[in-house]
Amino acid sequence: MTTVLFFAQLRERLGCERIDLELDEPLGFDVFMARLANELDVDAIRELQAENIRIAINQTLLEHPVEVVPGDEIAFLPPVTGG
């Protein structure tokens, strides 16, 4: 099972904090996003692909995710704001 986590305003926008996907094999990140698009609406996918969204795989922030392996944990992190 591959776990996809959404934080802060992404979680609020999507109405959920996680989605579990069953992957049978490693997927390139673009193919993974297409698979995730089966679970979310088009606007949500656009938000997840925004330039300011950070992505972590297995709790490691990545600049350019390459591959998602079954069992990975993928987290989408919105920009941090403070005051």
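Placing unit charges on C-beta atoms (Lys and Arg positive, Asp and Glu negative, everything else neutral), compute the dipole magnitude of the chain about its Cα centre in debye, rounded to 20.
That gives a dipole near 320 debye.
What order do you get for 12-20, 28-36 when each peptide is scored by the mean count of other beta carbon atoms within 10 Å, highest first? Mind showing how you got there, number by number?
Numbers: 12-20: 13.0, 28-36: 15.4.
Packing order, densest peptide first, comes out as 28-36, 12-20.
Which peptide among 58-66, 70-78 comes first, and what is the full order, when sorted by highest mean count of other Cβ atoms within 10 Å?
On the way: 58-66: 10.1, 70-78: 17.4.
Highest to lowest by the protection proxy: 70-78, 58-66.
Just for the chain, what percent of DSSP beta bridges are antiparallel, to the closest 5?
Values: 13 of 17 bridges.
So the antiparallel bridges amount to about 75 percent of the total.
When you count, for each residue, the other Cβ atoms within 10 Å and take the mean per peptide, how do 1-8, 38-45 rank with the highest first? Can you show the working numbers first?
Numbers: 1-8: 16.6, 38-45: 12.5.
Put in order of decreasing packing, that is 1-8, 38-45.
Quick one: Karplus J couplings for the stretch 16-31, per residue in order, coefficients 6.51, -1.76, 1.60, θ = phi - 60°, nearest Hz, x for Gly and Pro?
Rounded to whole hertz, the list is 7, 9, 7, 9, 9, 10, 8, 10, 8, 7, x, 10, x, 4, 5, 5.
Around F7, which amide H atoms from residues at least 5 apart in sequence, or from another chain, sit under 5 Å from its own amide H, with H modelled in the peptide plane?
Sorted by chain and number, the residues that satisfy this are F76.
Can you work out ³J(HN,Hα) from phi for every residue in the stretch 50-62, in order, using Karplus 6.51 cos²θ - 1.76 cosθ + 1.60 and θ = phi - 60°, giving whole Hz and x for Gly and Pro?
Using θ = phi - 60°, the values come out as 4, 4, 8, 7, 8, 10, 10, 10, 6, 6, 10, 5, 10 Hz.
Match the structure shown to one of the listed values (i) 14.0; (ii) 12.9; (iii) 14.5 of Kirkwood radius over Cα pairs in Å, computed from it, and give that label.
Answer label, from the structure shown: (ii).
Counting each DSSP H run of 4 or more residues in the chain as -39500 (n - 2.57), what helix-only mean residue ellipticity at 222 nm follows after dividing by all residues, to the nearest 500 deg cm²/dmol? Walk me through the numbers before you get to the answer.
Values: 3 runs with 23 residues, N = 83.
Result for the chain, helices only: -7500 deg cm²/dmol.
Read-outs throughout are calculated quantities, based only on the coordinates presented, and are distinct from any laboratory measurement. All values reported here derive from a predicted model rather than from experimental measurement. Cβ coordinates were reconstructed from backbone atoms using ideal geometry, including for glycine residues, and neighbour counts include every protein chain displayed.
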